[in-house]
Amino acid sequence: VIDTPGHADFGGEVERGLSMVDGVCLLVDASEGPLPQARFVLRKALEAKLPVILLVNKTNRPDARIDEVVAENQDLLLGLASDLADDMPDLDLDAILDVPVVYASGKAGRASSSKPADGSLPDSDNLEPLFEAILKHIPAPTYDDEAPLQA
């Protein structure tokens, strides 16, 4: 797990971090929606052709607006895909537009693939649905067990 800063001033750190991962869980607050830095990090992830899982957190906040936040992220993905399409003709637009969504309350330790009502906890009593989404949508790392150790 790598938590990357989203601010453009940390672009080099974001790119280094993304070069070490096999996929991205884009964590978005259920009331705030995607912040400007999410666009920067998500663009870099799409340029690196990394699979993305949208993780809508804090679904139990009283001001949660889950459907709107998911739609805002889909609009963001669509806009980024459109921006990148000319430079990346092999970009898998279907995969970008069909990003899996997991709903969570990290504080409560709960996640679900089913959308809860605004202001409600996910229906699972643990984080297993998040782990299942990661295992299903993020490829396992590859390595050569005979290769020398690298730092």
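The values are calculated or read from the model by the stated rules, or taken from the named source; none is laboratory data. This is a predicted model, so every value here is computed, not measured. Methodologically, a virtual Cβ is constructed for each residue, glycine included, from the backbone with ideal geometry; neighbour enumeration extends over all protein chains shown.
Here are the numbers:
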quantity: Qualifying residue in region 108-124 (condition: surrounded by 13 or more Cβ atoms within 10 Å (Cβ to Cβ), among the basic types (Lys, Arg) and either touching a residue at least 12 places away in the same chain (Cβ under 8 Å) or within 26 Å of residue 62 (Cα to Cα) (or both)); calculated: yes
quantity: Residue within region 140-147 that is of a type in the set (Gly, Ala, Ser), in contact (Cβ under 8 Å) with a residue 60 or more places away in the chain and part of a loop (DSSP other than H, G, I, E, B) present; calculated: yes
quantity: Selection within region 80-137 - in a strand (DSSP E or B) and β-branched (Val, Ile, Thr); calculated: 101, 102
quantity: Of the criteria (1) more than 15 Å from the chain's Cα centre (by Cα); (2) surrounded by fewer than 19 Cβ atoms within 10 Å (Cβ to Cβ), which one residue 35 fails; calculated: (1)
quantity: Boolean, residue 80 is within 20 Å of residue 101 (Cα to Cα), surrounded by 16 or more Cβ atoms within 10 Å (Cβ to Cβ), touching a residue at least 40 places away in the same chain (Cβ under 8 Å) and not small (Gly, Ala, Ser); calculated: yes
quantity: Residue count, region 93-151 (criterion: of a type in the set (Phe, Trp, Tyr) and modelled with pLDDT under 95); calculated: 1
quantity: Test: residue 63 is surrounded by fewer than 16 Cβ atoms within 10 Å (Cβ to Cβ) and either free of Cβ contacts under 8 Å to residues at least 24 places away in the same chain or part of a helix (DSSP H, G or I) (or both); calculated: no
